[in-house]
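In what follows, a single structure is set out as structure tokens and then discussed.
The values are calculated or read from the model by the stated rules, or taken from the named source; none is laboratory data. Because the structure is a prediction, the values reported are computed rather than measured. Neighbour counts run over all protein chains shown; Cβ positions are idealised from the backbone, glycine included.
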Amino acid sequence: MIRKRRSRSTTFFLGVAFYITVAFWLALILTAKELVSRPDDGRHRHLSDAHLGWTILVICVLVMVATVDHWVKFLNVVFGGLFLGLSFAFSSGHLPNGMAFPRPISAGLMVLTVGCSVLAQSLAKRSLRPLDRATLIACVAAFFGGMLWDQPTWALIGPGTGFCMLLALWAYNRHVQPPDQTRGSGSGAQVNERLTTG
């Protein structure tokens, strides 16, 4: 019982730490986007801001690539929170920050969010392969990159592209090269094989 409580507490604190990290990561992305997209006034300051923005973006991408095996487990929760925000946008016609947002775009994003969440759930239950990691990184980049764009149309094109990537990966894993069903199942199978043959 004590071990179970400790395990639950550890999982809870890890989840909270993950959400804080994601919020900080998104804040860095937004800050970098603002720095890069500032209009060029011909001053040296604009170049410094642009260089700083691109540096922050590169660091965020490297962090995302290096930690893909960890954040894939919590990706469904991120999509769930995004779905709640889109539900608010669909019902009110504007984002939580007060910016107007078309209801058809909100409805389309809600559908894509649910689809990506369902497809990503299958990846969180097993060991990731290089193709899985590359597709997840590209999907997240396209999904949130499109939503951070100023034009609502791109907010639908980016997530739609990410959904198509996950759907293609799901079809490949299911029909072409089925992977292990659970994390660590391959090593368990090897141990059982050794015990049987031994």
Inside the range 130-165, the number of residues satisfying the requirement of being touching a Pro at 6+ places or on another chain (Cβ under 8 Å) and either surrounded by fewer than 15 Cβ atoms within 10 Å (Cβ to Cβ) or over 17 Å from V72 (Cβ atoms) (or both) is 3
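Here is a yes/no grid of residues against (1) under 16 Å from the mean Cα position of the chain (by Cα); (2) within 23 Å of L57 (Cβ to Cβ):
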residue	(1), (2)
S117	yes, no
S127	no, no
L136	yes, yes
G146	yes, yes
L156	yes, yes
N173	no, no
Checked the range 1-39 for anything aliphatic (A, V, I, L, M) and either at positive phi or at pLDDT below 70 (or both); matches are M1, I2, L14
Checking L95, L123, L75 in turn, the sole residue that is closer than 20 Å to A27 by Cβ and crowded, with 18+ Cβ neighbours inside 10 Å turns out to be L75
Expected output for the range 105-122 (first residue within 19 Å of A134 (Cα to Cα), partner of a type in the set (G, A, S) and part of a helix (DSSP H, G or I), Cβ below 8 Å, 6+ apart or cross-chain) is C116/G162; S117/G80
Restricting the range 46-58 to residues that are β-branched (V, I, T) and loosely packed, with under 13 Cβ neighbours inside 10 Å, the one nearest to the chain's Cα centre (by Cα) turns out to be V58
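To keep it simple, each residue is scored yes or no on (1) small (G, A, S); (2) in contact (Cβ under 8 Å) with a residue 12 or more places away in the chain; (3) not assigned by TED's automatic domain parsing to the domain that holds E34.
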site	(1), (2), (3)
P130	no, no, yes
I137	no, yes, yes
A142	yes, yes, yes
G146	yes, yes, yes
W149	no, no, yes
L156	no, yes, yes
G160	yes, yes, yes
C164	no, no, yes
A171	yes, no, yes
